[in-house]
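The values are calculated or read from the model by the stated rules, or taken from the named source; none is laboratory data. For clarity, every value in this text was computed on a predicted model and none was experimentally measured. When we count neighbours, we look across all protein chains shown, and the Cβ atoms used for this are built from the backbone with ideal geometry, even at glycine. Surface accessibility is based on the protein's heavy atoms, side chains included, excluding ligands, DNA and RNA. Shrake-Rupley method; radii C 1.70, N 1.55, O 1.52, S 1.80 Å.
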Amino acid sequence: MADKLIIFDTTLRDGEQSPGASMTRDEKLRIARQLERLKVDVIEAGFAASSNGDFEAVQLIANSIKDSTICSLSRANDRDISRAADALKGANRARIHTFIATSALHMEKKLRMTPDQVFEQAKQSVRFARNLVDDIEFSPEDGYRSDVDFLCRVIEAVIHEGATTINVPDTVGYAIPELYGNFIKTLRERVPNSDKAIWSVHCHNDLGMAVANSLAGVKIGGARQVECTINGLGERAGNCSLEEVVMAVRTRKDYFGLEMGIDTHHILAASRMVSQTTGFVVQPNKAVVGANAFAHASGIHQDGVLKARDTYEIMRAEDVGWTANKIVLGKLSGRNAFKQRLQELGVQMESEADINASFARFKELADRKSEIFDEDILALVSDESVSHVKEQYGFVSLSQHSETGERPMASIVFTVDGKEVKAESDGNGPVDASLKAIESHVKSGAEMVLYSVNAISGSTESQGEVTVRLQNSGRVVNGVGSDPDIVVASAKAYLSALNKLHSKADRVAAQG
Ligand code: KIV
Ligand code: ZN
């Protein structure tokens with residue numbers, strides 16, 4: 001059998017730990033379906049014991065996704081492990097991922113445990129988990145900064161207890177590629193039963209080296225599982241990016257010599273979906289999925305690409321989901337053309353009613369915007385107003401006036417629990433006036449910690465996609481709104497953030 005690299009996606013668990021990126025059950029399920037379409041081998045769906053919301057999300061994904069292994073994170077204790085096993089009951093293939101910190105710093109300062117206590121707890125937990133599920137992953141948290149002798153002792157013991165995957169996290173993103181690769185190699189050489197488990201890498205991006213470190217762990221260290229997230233989403237500077245690691249291994253197969261099961265054509269749709277759901281915008285020059293990733297601006301490059309593509313292109317844009325013909329639909333396009341385009345983009349709707357709702361929104365947009373791009377369609381179907389959740393606040397209409405030398409005014413109509421209300425305010429600019437008008441009625445008291453506008457498809461004719469991050473009483477949420485009018489997009493984003501702020505149990509992020 002060819003040497004295979006397992007792709008373990010943790011967008012829904014480690015990715016969700018980014019500020020404001022926590023997702024509802026339905027949002028998680030939509031992303032899990034997209035990950036299944038991508039043919040990700042393992043989906044870490046959440047941390048079942050961290051909240052009821054997370055338990056239900058893991059359970060829903062375990063019951064709905066059939067082609068990927070579904071995994072839940074769990075601390076190394078019986079209660080967490082039992083919760084994970086319960087949530088995973090409906091899965092075709094279930095994995096429990098249990099972890100405990102092994103670095104001197106974490107054991108002493110965070111856990112307040114001795115190395116011997118940690119050793120015993122790791123062993124007991126894997127033994128307990130193995131009685132519930134066959135597929136057990138063990139992670140020594142802060143593994144890369146752990147004493148190598150102690151780490152070898154712990155890993156040998158947990159493999160003996162039945163751990164089938166050993167994951168070595170660089171929890172704080174401290175590693176350097178060559179050193180990390182050699183660290184994995186040393187562990188594999190020194191642990192006597194290392195051949196009884198698959199070795200996995202899990203790198204954070206604090207020094208911008210998560211992808212490079214993961215690849216070194218594979219090439220030098222011999223790891224055969226990479227843990228990663230879509231768009232590199234994750235706490236602080238994020239995790240190893242799935243699209244980058246997958247395209248590196250695929251494009252440089254001559255060097256890595258590894259097979260993967262991933263269907264790369266769904267990468268872009270996954271990236272858009274995660275970005276629009278979490279409010280984490282993808283930078284234009286981001287490898288593989290950034291708007292400029294395949295754009296050749298300089299004359300010399302354009303000329304070269306027209307003569308022979310591979311003069312400046314090492315990957316084909318189509319292979320990751322970019323379409324050559326970007327203008328896809330217009331005002332006269334029918335429901336069937338719309339439905340077919342959704343299929344081509346890898347978007348699967350739950351029901352005909354959902355397709356109808358999205359199609360109605362498409363028609364509305366097409367009335368205002370002559371050319372509808374793939375990006376518009378992806379934004380449209382990600383919009384929460386298509387989802388089944390009854391939100392507290394909903395956008396209805398907005399008018400605003402601004403003129404040089406005069407203070408802008410905005411008047412907005414929106415719904416609160418289904419009832420229309422009207423609010424007005426002035427402000428420094430039309431966006432400021434609109435958001436102040438909403439706030440004058442809602443009085444959330446939330447602090448805005450981020451506001452960003454992004455053109456969905458490049459030109460001024462494009463829809464604007466606005467992200468608003470609000471913070472209140474220790475909670476951070478992101479709201480996203482899109483519309484050809486950026487003032488309206490801003491109001492929608494603000495209302496979306498308020499909805500998230502006001503919904504309670506669902507949105508507790510897992511703690512790693
Ligand atoms: O970064 C980390 O150490 C983790 C573990 C829980 C695997 O996410
Ligand atoms: Zn992590």
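What the table shows:
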| read-out | value |
| --- | --- |
| 20 Å cut-off, amide nitrogen to a point 7 angstrom out along Asp134 Cα→Cβ, residues in the range 190-216 | 195-199 |
| For the range 1-78, Kirkwood radius (reciprocal of mean inverse C-alpha pair distance, Å) | 12.7 Å |
| Cβ-placed point charges (K, R +1; D, E -1), dipole of the chain about Cα centre in debye, nearest 20 | 560 debye |
| Surface per residue (accessible, 1.4 Å probe) for the chain, Å² | 42 Å² |
| Heavy-atom SASA rank of Phe150, Phe8 (probe 1.4 Å, accessible area, largest first) | Phe150, Phe8 |
| FRET efficiency, 1/(1 + (r/R0)^6) with R0 56 Å, evaluated for Glu108 and Phe294 via beta carbons | 0.70 |
| Cα-only radius of gyration and Dmax that characterise the range 97-252, units Å | 14.8, 46 |
| Extension gain (nm, one decimal) between His502 and Glu350, 0.36 nm per residue minus Cα-Cα | 52.1 nm |
| Projected label distance in nm at Gln117 and Arg309, using a 7 Å step from Cα toward the beta-carbon | 5.9 nm |
| Heavy-atom accessible area order for Tyr144, Tyr180, largest first, 1.4 Å probe | Tyr144, Tyr180 |
| Options Ser139, Ala337, Val396, ranked by Cα towards positive dipole end of the chain, top entry (Cβ charges) | Ser139 |
| Overall form of the range 328-367 per C-alpha gyration tensor (a/c, 1.5; a/b vs b/c) | oblate |
| Highest average packing first - 283-294, 156-167, 425-436, Cβ atoms within 10 Å | 156-167, 425-436, 283-294 |
| Too-long pairs where the Cα-Cα distance tops 31 Å, listed order kept, from Lys286/Lys422; Lys28/Lys286; Lys89/Lys196 | Lys286/Lys422 |
| Cβ-based net charge around Glu447, under 13 Å, with every Lys or Arg adding one and every Asp or Glu removing one | +1 |
| Rounded percent of accessible protein surface that carbon and sulfur make up, the range 335-387, 1.4 Å probe | 46 percent |
| Span from the the range 465-485 Cα centroid across to the the range 79-137 one, whole angstrom | 35 Å |
| Rounded to the nearest 20 debye, dipole of the range 393-503 from Cβ charges on Lys, Arg, Asp, Glu | 480 debye |
| Whichever aspartates and glutamates have a C-alpha closer than 14 Å to that of Lys331, once near sequence neighbours (fewer than 8 apart) are set aside | Glu364, Asp367, Glu371, Asp376 |
| Cα centre as origin, Lys/Arg/Asp/Glu Cβ charges: the range 335-387 dipole, Debye | 220 debye |
| Additional length obtainable on full extension of the chain from Glu364 to Val416, 0.36 nm per residue less Cα span | 16.4 nm |
| Dimensionless Rg over Rh [the chain; C-alpha; Kirkwood] | 0.99 |
| Distance between modelled label sites at Lys66 and His441, nm, 7 Å Cα→Cβ extension | 4.6 nm |
| Dimensionless Rg over Rh [the range 6-278; C-alpha; Kirkwood] | 0.94 |
| Separation of the Asp426 and Arg407 label points, Cα + 7 Å toward Cβ, nm | 0.3 nm |
| Highest-first arrangement of 236-242, 117-123, 132-138, where packing means the average Cβ count within 10 Å | 236-242, 132-138, 117-123 |
| GluC sites (Glu not before Pro) lying in DSSP loop within the range 30-83, provided at most 10 other Cβ fall within 10 Å | none |
| Cβ crowding within 10 Å averaged over residues, with 16-22, 103-109 ranked highest first | 16-22, 103-109 |
